[in-house]
Amino acid sequence: MQKINRNVVLALLSLTSLVFLLFQLCYYKFYLSQKNGAAFSKVRGSQSGQDSTRWHVVRKFLGLISSHNIPVYLIDPLILGLVDKDIEQIRSSPDGPSPECKYFCAPRDFTTFALLDKTWKHEVGLFRTAEKMGFQWLKIINKDPRLDGMDDLSGMEIPLHYIFKLASHAIHLVVFYERSGNFLWHGPLRLKQHMDRKFVPFRKLHFGRYPGAYEKPELLLVSIDDLKVQIPKNPSSFLQEMSHSRFLECRYREARAFFQLYPDDASLDAVEFRKKAKSLLHLAALTLNNLGVKFWLSSGTCLGWYRQCNVIPHSKDVDLGIFIRDYKADIIPAFQKAGLPLKHKFGKVEDSLELSFQGEDDVKLDIFFFYEEDDHIWNGGTQAKSGKKFKYLFPKFTLCWTEFVELKIHVPCETLQYVEANYGPEWKVPVKTWDWKSSPSNVQDNGVWPVDEWDDVIQIY
């Protein structure tokens, strides 16, 4: 037998190893990469594999939802913040503003999209396709808070959030619902006991820490990093909304318990008053919103929302609060133009300002202006016949959205403290006899207006 040349053997082994290595690389690129999303097709200007991962996961997700005709739009705050800086260029360029992967390759753990619930109902097919594409998914459902006041429907659950994960990146799909106040609402993200809390880093999510309320956005189809995607037409407005979007649901169960103790007034007068109060509140909201003045439900109107999810029928007025820093001289003429004549004006901008407008019949709109001090907030009151001044003290509060009489409107986020300050610990018990000068728990004497100022600070029409 001929002696085998040792160099030939080594060469053959080396060649075999090289072929095997090339096979592994091809297998990884054309099979595993498609299954697990680890390596991807070309991305313009991509600087690293991790950048590529994010872009590729977004591309596959957009392909997934497109194949099921699901209209989603981008609400990711990090990406929208970058887009907003280049919005004019993005709007004018059909192919995107830059040859680089600038937006979807930005460092982040999630990319967030929104879905309008009424535009899509077919889940099963989507999830099957997602799994075939290599996605893992998680569906978060919870009770529909709008049905809490109904015995037979209070347990009904609705989808609130979806998470799609591929490789090291995840897509957070937030489900928005249209509410009767003509706005969009999303629920909180609350994991149930059996769910994997390590599925993704949930604490990093931008949406879901609490419910949110948003205006319906006008959408714009653009090309970003070679991907066609819908975004809010005005990204900066959406981002501003996001920072003040926290929503408080009316306490339907507590309201139902309240009416079991104190049956609701269903008299013709009560029904008629609530109808007029609702109309007045809608008109006031329209007027102040057009002026860009932030306001909230105050006094008895706030108590009615918090205690019984409705207008208190014996209150006879609608009460709103405005921070004095948001005061505008246009407020009085705007209300007069809207058909609400000024009934009285007490105080002045620097001190204890309050306005009252006459609505339909004997229903009036009272607007109280609030002044901020270092450790508290207060609004003033004036007795017309004596010139006496009163001050009503509240702990500091922030503003949240709620839905009231089919209207998206602000209330103090710290509602219980706000109500207790005004009405004391017995606020749950209805009181029909109320003296604004002595009944409130937070009222204080605040001196007397000088007589020579009465013509300016006590104006009755």
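The values are calculated or read from the model by the stated rules, or taken from the named source; none is laboratory data. Just so it is clear, the model here is predicted, and its values are computed rather than measured. Positions of Cβ are generated from backbone atoms using ideal geometry, with glycine treated the same way; all protein chains shown enter the neighbour counts. The area values use the complete protein model at the heavy-atom level, side chains included, leaving out ligands, DNA and RNA. Shrake-Rupley method; radii C 1.70, N 1.55, O 1.52, S 1.80 Å.
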Residue in the range 299-317 that is out of contact with any Pro (no Cβ under 9 Å at 6 or more places or on another chain), closer than 22 Å to Asp452 by Cα, assigned by the TED database to the domain that holds Leu288 and touching a residue at least 12 places away in the same chain (Cβ under 8 Å) present: no
The listed residue being of a type in the set (A, V, I, L, M, F, W, C) and within 18 Å of Lys216 (Cβ to Cβ), out of Trp137, Trp120: Trp120
Inter-residue pairs, beta-carbon under 8 Å, first assigned by the TED database to the domain that holds Val174 and outside any helix (DSSP H, G or I) and in the range 70-83, second among the charged types (D, E, K, R) and surrounded by fewer than 18 Cβ atoms within 10 Å (Cβ to Cβ), 6+ apart: Asp76/Arg108
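Would you tally the residues in the range 239-255 being outside any strand (DSSP E or B), under 30 Å from Lys85 (Cβ atoms) and open to solvent by less than 10 Å² (accessible area, probe 1.4 Å)? Lay out the reasoning, then the answer.
Our first condition is that a residue be outside any strand (DSSP E or B); within the range 239-255, this holds for 239-245, 248-255.
Cutting the leftovers down to under 30 Å from Lys85 (Cβ atoms) gives us 239-245.
Cutting the leftovers down to open to solvent by less than 10 Å² (accessible area, probe 1.4 Å) gives us 245.
Residues in the range 239-255 being outside any strand (DSSP E or B), under 30 Å from Lys85 (Cβ atoms) and open to solvent by less than 10 Å² (accessible area, probe 1.4 Å): 1 in total.
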Breaking point among (1) farther than 24 Å from Thr398 by Cβ; (2) crowded, with 17+ Cβ neighbours inside 10 Å, for Leu281: (1)
Candidates Val405, Val363, Val431, filtered to the one that is assigned by the TED database to the domain that holds Leu280, of a type in the set (A, V, I, L, M, F, W, C) and open to solvent by 70 Å² or more (accessible area, probe 1.4 Å): Val431
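Which of the residues that make up the range 307-330 are closer than 18 Å to Thr398 by Cβ and open to solvent by less than 30 Å² (accessible area, probe 1.4 Å)?
Residues of the range 307-330 closer than 18 Å to Thr398 by Cβ: 320-326.
The answer is Leu320, Gly321, Ile322, Phe323.
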In the range 331-349, the residues that are crowded, with 16+ Cβ neighbours inside 10 Å and on the phi > 0 side of the Ramachandran plot: Gly347
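Of Ile90, Ile141, Ile75, which residue is modelled with pLDDT of 95 or more, among the aliphatic types (A, V, I, L, M) and in contact with a strand residue (DSSP E or B) (Cβ under 8 Å, 6 or more places away or on another chain)? Let's see the steps before the verdict.
Details: Ile90 fails: modelled with pLDDT of 95 or more; Ile141 fails: modelled with pLDDT of 95 or more.
Among Ile90, Ile141, Ile75, only Ile75 is modelled with pLDDT of 95 or more, among the aliphatic types (A, V, I, L, M) and in contact with a strand residue (DSSP E or B) (Cβ under 8 Å, 6 or more places away or on another chain).
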Residue pairs meeting the criteria (Cβ under 7 Å; at least 6 apart or on separate chains; first not assigned by the TED database to the domain that holds Lys316, in the range 276-287; second of a type in the set (Val, Ile, Thr) and open to solvent by less than 10 Å² (accessible area, probe 1.4 Å)): none
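Test Phe127 against the stated conditions and say whether it is open to solvent by less than 30 Å² (accessible area, probe 1.4 Å) and at pLDDT 95 or above. Explain how you work it out, then say what you get.
Values: open to solvent by less than 30 Å² (accessible area, probe 1.4 Å): yes; at pLDDT 95 or above: no.
Considered against the rule, which asks whether it is open to solvent by less than 30 Å² (accessible area, probe 1.4 Å) and at pLDDT 95 or above, Phe127 comes out as no.
Within the range 357-385, which residues are polar (S, T, N, Q) and without any contact (Cβ under 8 Å) to a residue 24 or more places away in the chain? Reasoning before the result, please.
Here is the first cut: in the range 357-385, the residues polar (S, T, N, Q) are 358, 379, 382-383.
Within the range 357-385, just Gln358 meets the criteria.
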Failed criterion for Gly208 (all others in (1) part of a loop (DSSP other than H, G, I, E, B); (2) within 15 Å of Val174 (Cα to Cα); (3) open to solvent by 40 Å² or more (accessible area, probe 1.4 Å) hold): (3)
Sole exception among (1) surrounded by fewer than 17 Cβ atoms within 10 Å (Cβ to Cβ); (2) out of contact with any strand residue (DSSP E or B) (no Cβ under 8 Å at 6 or more places or on another chain); (3) among the hydroxyl-bearing types (Ser, Thr, Tyr) for Thr398, by number: (2)
Any hit, the range 256-268, residues being closer than 21 Å to Leu74 by Cβ, open to solvent by 70 Å² or more (accessible area, probe 1.4 Å) and outside any helix (DSSP H, G or I): no
